[in-house]
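First up is the structure itself, then whatever we jot down about it.
No lab work stands behind these numbers, since they all come straight from the coordinates. The model shown is predicted, which means the values in this text are computed figures rather than measured ones. Neighbour counts are summed over all protein chains in view; Cβ atoms, including those assigned to glycine, are modelled from backbone coordinates with ideal geometry.
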C-alpha cells in the first residue's frame, strides 16, 4: 500500500498551507525522515518529511497550490505499485490545486478580459475592448478618458489614428517609444509568506480604525542602563539589546494600562490578562512575529534569552506556529537601520496596538531653559480606535515615556 | 313541457355519460395517468344534462373548473376531451390546458375556466355579441355557490340586467366553496334571492331532479331568447367527491353525505323512467354499456395520440 | 396633413374605424353621453348609437369580461378603463382571460380587443390616478402593449390596435391631451414593433416612450448646445419591442440611456437594459443608465409631484455622466 504524503498541521491555528517547492522528484528513492518538500503557512516555511521508506511514486500537489491540511500531496510506495490518485486526491477539497493545473488557459482569458498582464486592472468598455481586439491592439497602452479613466471606443480610435499618423503624442509624460516599449520586469510570485503577509496587512488595514501617535523619548538613561548591564559581560552574544529592554518596559506599561492590551472578538472586547509581546523580525523573504509569552512576569535576562532564541529560529525558518501566535501587543523596530524616526505600523490583528521604534539620534532639547543634546528615540503607537480612544493611548504613552525616562525601577521586578 | 321518450332517454344517457367519464378520469388520475388537477362533476349531472338539453349548437355556454359535465352535455367530443386530459396534441386545446379549460367554439362552448367566477362576465360579453349580431341565441353561464360571492358574479348580473342581455345564470349550489360549507361562506340559503338585487327573475330548483332543472331552464332560456333578459336559476345539488381528487374532505358530515347520496340523480331518474314506463332496466343497462364502450374508446384514442412537440410551446400565443 | 390634438386623434381614429368595420364597438364608463373624461369619445354616441357606444356600470371586471366574450364571438371591442390605475380591479380579466384564452384554448379563438387607458402624473391626481403601470402588461404573454407620444402615432397605433387580432393595451398619457401635431389624413397604420427615431444623433441613444419622449427631445436639444448629439428613440410598442432599432442605435453611439415615467424598480427600462446587456454587450461604451421615478407612490402636492416626475435636467445629467 502506498503511503500518502499529506499537508501537515503545524500549529493550532493552521488550516491550510502552500506547496512552495518539491525537494524530491517522482521516482526518487526516499527514506523516512527525508525532506520531501517545502510548504509555507502563515508566517513560516517548513519542510515536510517523508512518512516512510520507498519511491516517491507520484506528486499530486503542484508547486504554488494552496491546500487545506490533510490534503494528499503525493504518494510513496514500491515500484509499479498502483495508486488510487483520483479516489484519494479528491477527498479533501482541492479546488485550488486542480484549478491551478488548468491555469494557463484561464489566465490568458483573464488577461484578455481585464488585466493588463502587469497585474493592474484596466477599465475598458465592452465596445472599446471589442474594437481593440478587432484591430489587434494592446489596449493597456491606450489612455482612457471616460468616467473613472475607462477606455472608451473613442480612445481606441484616437490611439489608432495616432499610431497611423505616427503621432502618438506625449500622454502622461510618456514618449512614443516609451509607450511602445514593453515594460521589462522580473516576475516574483505573489504567494507563500509574501501573500500571507500581504493579506494579513490589508485585512488589518480595512478592519481597524487605525490611529498612530508619535513622540520622542529621551533614552539617555536607557542607554546608560544598557551600558551598565552589558559592561562586564564575558560573552558578547549575551549582550542585551534596546529591543529586548523595550519588551520589558512595554510589558510594564501594559501592566499599568491594561486597556491597551485588548482584542476585539465578535461582540466582545477581551482585556487580556497575559501580556505576550510579539517582536517583528525581518527576514529576507518577509516578516515574522514570534511571541514572548508573559513578558511582564519575566526578568530582563530571561526575556533577552528568549527573544534571541526566537529570532534565531525565525532566521532559520524553524519557528513553530504556536511560537508565532498568542501575542497581545507587538513591537516593531526600524531604528536599527538608522533611517527612520517615525512610521505608522500596521496593527497585528487581532491585537489592538503596535509600537514602532525609530532610530536613536542626538537631538537638541531644551531642558531648564538650556539647549542640550540628548539621545532621542522615535516612538509610534498605532492603535485601533474601535477599542482604544485617543486619551487612553496618550496615557499609555505617558506611562511608557516615564518608564523609559527612568527604566531602573521597571526592571527591578 | 312534456318530453318525448327519446328526449327522456337522451337526458339519461347524457347523465350516465358524464358519470362514467368522471369515474374513468378518477381511475386514470389515481392510476397516475393524468397530471394536474381534476375536479369531478359526479352528483351534479342532472344540471348540465337538464339545462343543455334546451340549447342548440349556436347557443353558448361558459363553464367552470368543474366543467366536464357541461362540455359533455353541450355535445363535446369525449375523445378530444380525454386527449386533453392526457395532455395530447389531439386534445381540444392541443394539450395546452388540461381538464379545467376545455372549449369547443364550433358548438358554443366558450370554455371552462380555472378562475372561479371568471366565466360570468365573459358570458355577458358573448350574449352582447349574440344580440349585436341580431341572433336569437342565448348564453348559459354555469357557476357554483362559491362563485356567487365573487365580484364578477355581481358585476355580471348587473351588467346583463342593465343591458338586458340573453344570459341564463345557472348556479350549481353543491353546498361547498372548495372546502367551505355554504353556511360558512354566505348567510343566505337560496342564492336565487340575489337575482332580486339586479331585478332578475331568480328561482331555486332541486338540482338532482333532471326534469325540474330541465323545466326551469326551458322557461328562462325561452324568455332570454325572446329578448326578455337574463335569469338566475339556483340548482341545489351535492358534490359526491371532494373539491379535487386527493381532497380528504374533512369538512363533510358523513350523515349529510349519506342523505345526499340517497338522492343521486341518476338512479333517481332511472327509477322514474322505469316506473313511468319510458324504459325497462335492460334499456338502461344497454345505454350504460354503450356509454362505457365509448369511454374506453376515448381512453384508447387519448393514450394512442401523439404528444405535442416541444416547439408547440410557442404556437397560439398570438393570432396572426 | 392637418394639425390635431392628441385627444382629437383618439376620437377621430375610433370614429373612422367604427365606420369602416361594423364589428367595432366601444364600452366603458362615461364613454357615451359624457364623451369620456378628456373627450376621447365625445360625439361617438350620437354618431353610432347606444348599441355601439355602451355606457357601462362602474364594473371594470365586467367591462373587460364583456370584451373578452364579445371578442371571442368575433366582435372588436374598444374597452375604456380611463385610468390605468383601475386596471388593478380587473386584472384577472386582463391577465388570465384576455391574454391567455387563445393559448389555453389551443388557438381556437382570437381575442381582438383594445383596452384604452391612460398613464401619467403631472396634473395633481395623486397616487391612484397617476401611475405608469405599463410594465405590468409587458409581463403577460398574449397581450400587446403600445404607447403613443404624438397625435400621428395615436392614429397609426390605435388603428393598428383595433385591426389587430389580439388583445392590445393602448396607452395614452393624460398630459398629452392638448398636445398638437400633424396627423396623416388617409388610412394610416403603424405596424407594432416598429420604433420611431424621433431625433437622429450619433453620441448617445436615449430610449423612451409616451410623454417622456418629449422631455427626451428637449433634453437632446439642450445637450446639442454642449456638443452632445443625442439620438432619441420612441419605441412606441413595448410588446412587441423593436430590439433591432435599439441595438442598431447603440451600435452607433455606444451609449444607452433609458427614460420612463414609471418607477425605476422593475420598470420596463430594466427589460430594455437587460436585452441590450445581453444582445449588445460588445456595443456598449459605457454603463446603461435609467432615468425614472423614485420608488414611491406618486405624491399629490404640486411641489412634490414636480420633483417626482422625471424632468429634462435629470435626463441631461444622466447623459453627461456617460461622457
Seminar exercise, completed: segment C:1-129, Kirkwood Rh and Cα Rg, ratio Rg/Rh at 0.98
Problem set entry | 222 nm mean residue ellipticity, helices alone, for chain A (DSSP H n ≥ 4; -39,500 (n - 2.57); rounded to 500) | -9500 deg cm²/dmol
For this session: With the Cα gyration tensor of chain A in hand, convert its eigenvalues to equivalent ellipsoid semi-axes via √(5λ) and list them largest first in whole Å.
Result: 46, 36, 19
Problem set entry | Along each principal axis, Cα extent of chain C, largest first, Å | 58, 44, 40
Exercise. For residue B:312 and residue A:186, FRET efficiency with R0 = 60 Å and r from the beta-carbon atoms, rounded to 0.05?
Worked result: 0.40
Seminar exercise, completed: Reduced to Cα centres, the span from segment C:45-93 to segment B:170-214 in Å works out to 28 Å
For this session: Send over the per residue convex hull volume for segment C:54-179, Cα only, as a whole number of Å³.
Result: 102 Å³
Problem set entry | Choice from B:246, B:50, B:146 with maximal GNM fluctuation in chain B (Cα, 10 Å cutoff) | B:246
Exercise. How big is the gap, in Å, between the Cα center of segment C:184-255 and the Cα center of segment B:92-133?
Worked result: 41 Å
Exercise. For the Cα atoms of chain A, what angle does the longest principal axis make with the long axis of helix A:300-315, in degrees from 0 to 90, nearest 10?
Worked result: 10 degrees
For this session: Kindly express, to the nearest 10 degrees and within the range 0 to 90, the angle between helix C:60-72's C-alpha long axis and the longest C-alpha principal axis of chain C.
Result: 80 degrees
Problem set entry | Relative exposure of B:240, A:214, A:82, B:101, judged by other C-beta atoms within 10 Å (fewest first) | A:82, A:214, B:240, B:101
For this session: Go through A:265-272, B:303-310 and give me the packing order, highest mean Cβ count within 10 Å leading.
Result: B:303-310, A:265-272
Problem set entry | Extension gain (nm, one decimal) between residue A:394 and residue A:202, 0.36 nm per residue minus Cα-Cα | 66.5 nm
Problem set entry | Rel. contact order, % - alpha carbon contacts under 8 angstrom, at least six apart, chain C | 16 percent
Exercise. In whole angstrom, how far apart do the alpha carbon centroids of segment B:241-320 and segment C:130-182 sit?
Worked result: 46 Å
For this session: From other protein chains only, count the Cβ atoms within 10 Å of every residue's Cβ in A:124-135, then give the mean.
Result: 4
For this session: Using only Cα atoms, tell me the angle between helix A:390-405 and the longest principal axis of chain A; keep it within 0 to 90° and round to the nearest 10.
Result: 60 degrees
Exercise. Order of A:145, C:205 from fewest to most other C-beta atoms within 10 Å?
Worked result: A:145, C:205
For this session: Would you mind telling me the antiparallel percentage of the DSSP bridges in segment C:2-183, rounded to 5?
Result: 15 percent
For this session: Output the antiparallel fraction of DSSP beta bridges having both residues in the protein assembly as shown, as a percent to the nearest 5.
Result: 50 percent
Seminar exercise, completed: Asserting the computed 222 nm helical MRE of chain C (DSSP H runs at least 4 long, -39500 (n - 2.57) per run, divided by residue count, to nearest 500) equals -9500 deg cm²/dmol
For this session: Rounded to the nearest 500, what is the 222 nm mean residue ellipticity of chain B from helices alone, with -39500 (n - 2.57) per DSSP H run of 4+ residues and division by all residues?
Result: -13500 deg cm²/dmol
Seminar exercise, completed: Between residue B:183 and residue C:33, the FRET efficiency computed from the C-beta separation at R0 = 45 Å comes out, to the nearest 0.05, as 0.50
Problem set entry | Relative contact order (percent, whole number), segment C:1-151, Cα cutoff 8 Å, 6+ residue spacing | 22 percent
Exercise. When the Kirkwood hydrodynamic radius is evaluated over all pairs of different C-alpha atoms of chain B, what value in angstrom, to one decimal, is obtained?
Worked result: 19.8 Å
Seminar exercise, completed: Percent relative contact order for chain B, counting Cα pairs under 8 Å at least six residues apart, stands at 23 percent
Exercise. Of the peptides B:31-39, B:86-94, how do they stack up when ordered by the mean number of other Cβ atoms within 10 Å, highest first?
Worked result: B:86-94, B:31-39
Exercise. Can you give the translational diffusion coefficient of the protein assembly as shown in µm²/s, computed by Stokes-Einstein from the Kirkwood radius over Cα pairs at 37 °C and 0.692 mPa s?
Worked result: 88 µm²/s
Exercise. Say we join alpha carbon atoms closer than 10 Å with springs in a Gaussian network model of chain A; which of A:229, A:55, A:242 then has the biggest fluctuation?
Worked result: A:229
For this session: Using DSSP, restrict attention to beta bridges with both residues in segment C:196-320 and report what percent are antiparallel, rounded to the nearest 5.
Result: 20 percent
Seminar exercise, completed: Ranked on Cβ counts within 10 Å of their own Cβ, fewest leading, B:196, B:14, B:237, C:175 go B:196, C:175, B:14, B:237
For this session: Name the most mobile residue of C:103, C:268, C:188, meaning the one with the largest mean-square fluctuation, in a Gaussian network model of chain C with Cα contacts below 10 Å.
Result: C:103
Problem set entry | Burial ranking of peptide ranges C:22-30, B:220-228 (average Cβ count within 10 Å, highest at the top) | C:22-30, B:220-228
